[in-house]
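First up is the structure itself, then whatever we jot down about it.
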Protein chains: 2
Amino acid sequence: VRVETVAVGTELLLGAHVNTNAAWLGERLAEHGIDVVAGTVIGDNVDRIAEALRIAAGRADAVVITGGLGPTQDDLTREALAALAGVDLVRDDALVEGLYARYAAAGRELPLRNLQQADVPAGATVLPNPNGSAPGLLLRHGGCDFYALPGVPAEMRAMFDVSVLPDLVARAGAGAIVSRTLHTIGLWESAVAELLGDLDAELGERRRTDRTTPTLAYLAGAGEVRVRITAKAADTATAQQAIEPVEAAARTLLGAAVFGIDGATIDGRIHELLRARAETVAVAESLTGGALGARLTDAAGASLTFRGGVLAYTVEAKTELLAVDPAVINESGIVSTATASAMAEGVCRRLAATWGLATTGVAGPDAHDGKEPGTVCIGLAGPSGTTARELRIVGDRSRVRAVTVVSALDLLRRRLEESGR
Amino acid sequence: VRVETVAVGTELLLGAHVNTNAAWLGERLAEHGIDVVAGTVIGDNVDRIAEALRIAAGRADAVVITGGLGPTQDDLTREALAALAGVDLVRDDALVEGLYARYAAAGRELPLRNLQQADVPAGATVLPNPNGSAPGLLLRHGGCDFYALPGVPAEMRAMFDVSVLPDLVARAGAGAIVSRTLHTIGLWESAVAELLGDLDAELGERRRTDRTTPTLAYLAGAGEVRVRITAKAADTATAQQAIEPVEAAARTLLGAAVFGIDGATIDGRIHELLRARAETVAVAESLTGGALGARLTDAAGASLTFRGGVLAYTVEAKTELLAVDPAVINESGIVSTATASAMAEGVCRRLAATWGLATTGVAGPDAHDGKEPGTVCIGLAGPSGTTARELRIVGDRSRVRAVTVVSALDLLRRRLEESGR
């Protein structure tokens, strides 16, 4: 069964709200092996909504509509469904009673306008809304099932799970989609695609005869590249079996760049590695200004492995708080592997941590101390000595800082994984 | 001119990413009085993308496509545009050269696959991308302008403002929507709506006879509430005139909670106030773990006013690096106004800053040191003495940290504004 989502609301087109309902529905349907072929957002206009539903019926077997079921003049989903099917709206007595009862219970008088929420296109089924006053609707027309749900996320979600999902799962018949995501740091998206190119091509070839052969997809963001392996099969176990050898092959090709699977975070991985060794980390930040520490304290329980840090944004802070030798800065420069190393060693000693991780660099947009924007040095001090790396990060100030954080964490992650072997 | 947005990416359909590009584009276009008639999300499939573009051309005069311009096999927007127009893809020599130069500058070899980013549908115009490797495209076909932009928000936004918006504004001709956004901190959304309730009702009344009367909208997020005043009129000047008295009335009703307008940031406001007085700030962070410093170094030029800080996640860091008297912690607790004050004073002295700003609290999900999650103390030390506030923040760990950062910055902002009068 192919599904399209249609979100109704001029507010969504104006950007006043982000269409999170579509993302939630997409995720929920994918979990159950149901394909979403398209998503549409359309304004509060009967003709445009009806036309969008007609288009949706052209590419999908079922359409999940969100929004436009409220009590105001702008709520036109009922009218659009009636127009699409060429039927009248009929006022439903049971719904009228329910509305009066609902308002009476709240000690309020029912505004007459709200009675439009009891109007149902002839032939449609009412879908109960346990959490609000707007009932949902199911209308079958032209070989397509139109499910209309309220736009309020909490109401929509509850109704979808009870009144829509079971229908769709039953129609989809047996079948499951299973995904496995490999998280990598240290390779560009294109390098990942290149490393996996032969595997991807081979899978494409095999898919011609075996539809359960997994597909690969690449997702890049802020220094991380994720590889998603997806398999469709008659059941979850078969899909999982199809994924396993592909995951193994991809891991071999990507090597140490893979730091985790399925929603893993690089900071989570570091806490895990440190906890297992009863070790700690402290940070010394210049261009990242606290973003590295913030990342390391994102998750609860960080206090077991994170000792704290120093935001050494100025030269004085580097020399005074981190005891960096001013001669090092004079000779090598503020943005240098020597300074990054000295900062890492300084904070490691200062906070009595096992590992010290330091960042210094030029976030931009202007050059600084003779270095171009995107020039970044990362230092790592630890039990087996100190190392440092110089990076050239492409992008604006915000990207340079974000990639610096991820790269610094990955330097520590790789060292912990190597020394743990 | 009627515009449709088409976002390309199976990821969006699967709900792995939320389509924030559509919301941003909708808001940007509305600001310029341009109607968005529909928004579509479509998967990575040449035929489906081409069909979605054909449908879009049926209801809009211009289509803004985001995504599908990257270097991988899944990036199919170029192919879909060529298929739609019935033309070939032609490799553009200048783009090839640019790609090689870009990779050479980063000291990397260009993966051959990336050359597809230099492919252009015959007859299309290349739109430069100053922040990334994927160029944009403009193709006119069947009376419709198709603008294809990368899906990476920062790249897309910069290109839209330079290469798309001026075109569309020119085509839109007469009619303008003007917005003014007031940014506030310190009031709940419901309190803002309550304070502005009478004004809002009065505007609604006036709008019945005068269509240029502005509307109010409230937007809340991470401790900030924004009030958007929007007026539609024949021209920009008339719309602006309609907004002015409403803005003045809203400012009077909201008082000191307003810290800026139209995209102002609380950190930007603080740097501005500090620069004007040639003063500086340093931070001492416990539960925020660096997020406060990261926020103060978001914008370029922060080094003039930000001295640095200490991430005092542990008790030892508080006593050793910030010289907090252990007796204060023993008597009052780690999460107390007394400790927050001592941290603020410590970092102020330590980094020779004019102002010291400190956070300590329980981010959650578990209670800590006998305090419930969401209990937060903020300390502010400065020339006229030290103050501290205790807050109860509702929400999960991430919200507690985010609201703490904003609240701490607002405490400093209000003090700077009061003492500047």
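The values are calculated or read from the model by the stated rules, or taken from the named source; none is laboratory data. What you see is a predicted model; the values in this text were computed from it and never measured. In this analysis, Cβ positions are derived from the backbone assuming ideal geometry, glycine residues included, and neighbour counts consider all displayed protein chains. We work out accessible area using only protein heavy atoms, side chains counted, and drop any ligands, DNA or RNA first. Shrake-Rupley method; radii C 1.70, N 1.55, O 1.52, S 1.80 Å.
Listing for the model above:
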quantity	calculated
³J(HN,Hα) computed for each position of the stretch B:5-12 - Karplus, 6.51 cos²θ - 1.76 cosθ + 1.60, integer Hz, glycine/proline x	9, 10, 9, 9, x, 4, 4, 5
Sulfur and carbon atoms: percent of accessible area, the stretch B:142-272 [1.4 Å]	54 percent
Length added when fully stretched, residue B:108-residue B:218, from 0.36 nm per residue minus Cα-Cα	34.9 nm
Part-to-part distance (alpha-carbon centres) for the stretch A:112-175 and the stretch B:18-53, which is given in Å	26 Å
Cβ-derived FRET efficiency at R0 56 Å, residue B:93 paired with residue A:93, nearest 0.05	0.20
Antiparallel %, DSSP beta bridges [both residues in chain B], to 5	65 percent
Probe 1.4 Å, accessible area per residue of the stretch A:321-421, Å²	39 Å²
Between the stretch A:264-323 and the stretch B:239-314, the Cα center-to-center distance that results, in Å	25 Å
The stretch A:102-107 - phi-based ³J(HN,Hα) in whole Hz, Karplus 6.51/-1.76/1.60, Gly and Pro as x	4, 6, 4, 4, 8, x
Pairwise FRET efficiency - residue A:198 versus residue B:320, Cβ, R0 = 56 Å, nearest 0.05	0.55
Summed residue charge, Cβ within 10 Å of residue B:182's Cβ, Lys/Arg positive, Asp/Glu negative	+2
Proximal lysines to residue B:371, defined as alpha-carbon separation beneath 16 angstrom and excluding residues fewer than eight positions away on the same chain	none
Cut-off under 5 Å, modelled amide H: who pairs with residue A:288 long-range	none
Estimated dipole of chain A in Debye, rounded to 20 [Cβ of Lys and Arg +1, of Asp and Glu -1, Cα centre]	820 debye
Residue A:331/residue A:210 FRET efficiency (R0 56 Å; Cβ-Cβ; nearest 0.05)	0.35
Proportion of all alpha-carbon pairs of the stretch B:202-280 beyond 14 Å (%)	69 percent
Rounded to whole Hz, the Karplus (6.51, -1.76, 1.60) HN-Hα couplings of the stretch A:340-345, x for glycine and proline	4, 5, 5, 5, 4, 5
Isotropically averaged projected area of the stretch B:1-156, using the convex hull of Cα atoms (one quarter of hull area), nm²	8.9 nm²
Label-to-label distance, nm, for residues given as residue A:384 and residue B:167 (7 Å Cα→Cβ offset)	5.5 nm
Cα Rg, Dmax, the stretch B:328-421, angstrom units	13.3, 42
Globularity index of the stretch A:154-204, i.e. its alpha-carbon radius of gyration over 2.2 N^0.38 Å	1.91
Amide N proximity, the stretch A:355-393 versus residue A:299 label position 7 Å along Cα-to-Cβ, cut-off under 12 Å	none
Where only C-alpha atoms are counted, convex hull volume of the protein assembly as shown per residue in Å³	181 Å³
Amide H contacts under 5 Å for residue A:311, placed H, 5+ residues apart	A:285, B:309, B:310, B:311
Using alpha carbons only: equivalent-ellipsoid semi-axes of chain A, gyration tensor based, whole Å	54, 27, 19
Amide proton proximity set for residue A:38, modelled H, under 5 Å, gap of 5+	A:5
DSSP beta bridges in the protein assembly as shown [antiparallel fraction, %, rounded to 5]	65 percent
Interface B:A - total buried accessible surface [probe 1.4 Å, Å², rounded to 100]	5500 Å²
